[in-house]
Amino acid sequence: MKIFTIPNKSNSPKRSRAAEWGRKCLAALFWLALWQVLYLAVQQEILIVSPVRAFGRLLELAGEAEFWITAFSSMLRIVSGFLLGVVAGTLLAALTSVSRLLYDVFHPMISIVKATPVASFILLALVWIESPYVPVFTAFLMVLPVVWGNVSNGIAKTDRNLLQMAEVYQFGIAKTIRRIYLPSIMPYFTAACTTGMGLAWKAGVAAEVLANTKRSIGGNIYNAKIYIETADLFAWTAVVIVISVLLEKLMMRLMKTVGKKYNLS
């Protein structure tokens with residue numbers, strides 16, 4: 001005797017996604033409404049502009065070719081620094097996990113980088129290197145400790161029983177890394193990259209502001225502040241937020257795809 005069950009439509013994936021988007025839209029509307037209330041309370045565009053004015057100015061900027069060149073230039077600098085930090089942090093984590101001597105050598109340096117204010121690094125970098133490379137260097141320094149710490153933690157928490165099994169069955173270094181270490185490290189690596197992307201954008205744009213880098217988002221924010229163009233300031237800040245969020249989503253999707261392909265997730 002077959003028993004037929006009626007599917008629960010309320011728990012379907014489509015309805016769940018629709019409900020999630022609905023909640024996100026409501027949250028966005030709440031903050032936009034709060035922004036509008038603040039604007040109406042202040043009534044001074046030199047201090048705060050309305051969401052409509054900021055969005056309108058963003059559309060005006062988006063209609064200019066220089067806007068896209070500037071946004072791409074900043075993205076290229078900051079993403080370059082981010083990728084350098086990810087690669088260097090991962091390699092350093094692997095080396096310091098293997099050698100206690102290397103850990104003792106590099107740990108104080110990583111601690112100093114974590115403790116030093118970003119502004120200090122930016123000002124020092126302005127003395128050492130040319131202005132266009134300051135955002136790259138700053139983003140690199142912000143990402144390096146985060147990736148190093150998370151990957152090191154992932155390596156340290158790898159299941160020792162699995163490592164012993166790999167040794168008994170003579171997996172070899174390459175197979176042990178792929179089948180045991182990578183699945184263990186992947187969640188920590190993903191968290192490091194997600195956090196690092198946000199830090200890279202914050203630090204990178206701050207470096208562009210202080211260095212007044214040409215054809216950069218930070219340079220335009222600096223000019224907006226100097227000439228008291230509040231609408232431009234809000235518009236360029238929105239650009240930073242949008243690009244950072246989009247890159248973070250793209251990175252998460254890429255990592256999920258890679259994880260499924262190589263059975264790391």
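L102 versus (1) open to solvent by 80 Å² or more (accessible area, probe 1.4 Å); (2) farther than 25 Å from I243 by Cα; (3) more than 20 Å from the chain's Cα centre (by Cα): which is the lone unmet condition?
Tallying (1) open to solvent by 80 Å² or more (accessible area, probe 1.4 Å); (2) farther than 25 Å from I243 by Cα; (3) more than 20 Å from the chain's Cα centre (by Cα), L102 fails exactly one: (1).
Within the range 62-119, which residues are in a helix (DSSP H, G or I) and charged (D, E, K, R)?
If the condition is that a residue be in a helix (DSSP H, G or I) and charged (D, E, K, R), then E66, R77, R100, D104, K114 are the ones that fit.
Could you look through the range 146-169, keep only residues that are more than 25 Å from the chain's Cα centre (by Cα) and charged (D, E, K, R), and pick out the one that is farthest from M186 (Cα to Cα)?
Here the residue is E167.
If I filter the range 144-154 for residues that are open to solvent by 50 Å² or more (accessible area, probe 1.4 Å), of a type outside the set (F, W, Y), out of contact with any Asp or Glu (no Cβ under 9 Å at 6 or more places or on another chain) and under 21 Å from T96 (Cα atoms), do I get at least one hit?
Taking every residue of the range 144-154 in turn, at least one turns out to be open to solvent by 50 Å² or more (accessible area, probe 1.4 Å), of a type outside the set (F, W, Y), out of contact with any Asp or Glu (no Cβ under 9 Å at 6 or more places or on another chain) and under 21 Å from T96 (Cα atoms).
The values are calculated or read from the model by the stated rules, or taken from the named source; none is laboratory data. In this text, all values refer to a predicted model and were calculated from it rather than measured experimentally. As a convention, Cβ positions derive from the backbone with ideal geometry for all residues, glycine included, and neighbour counts pool all protein chains shown. Surface areas here come from the heavy atoms of the whole protein model, side chains and all, with no ligands, DNA or RNA. Shrake-Rupley method; radii C 1.70, N 1.55, O 1.52, S 1.80 Å.
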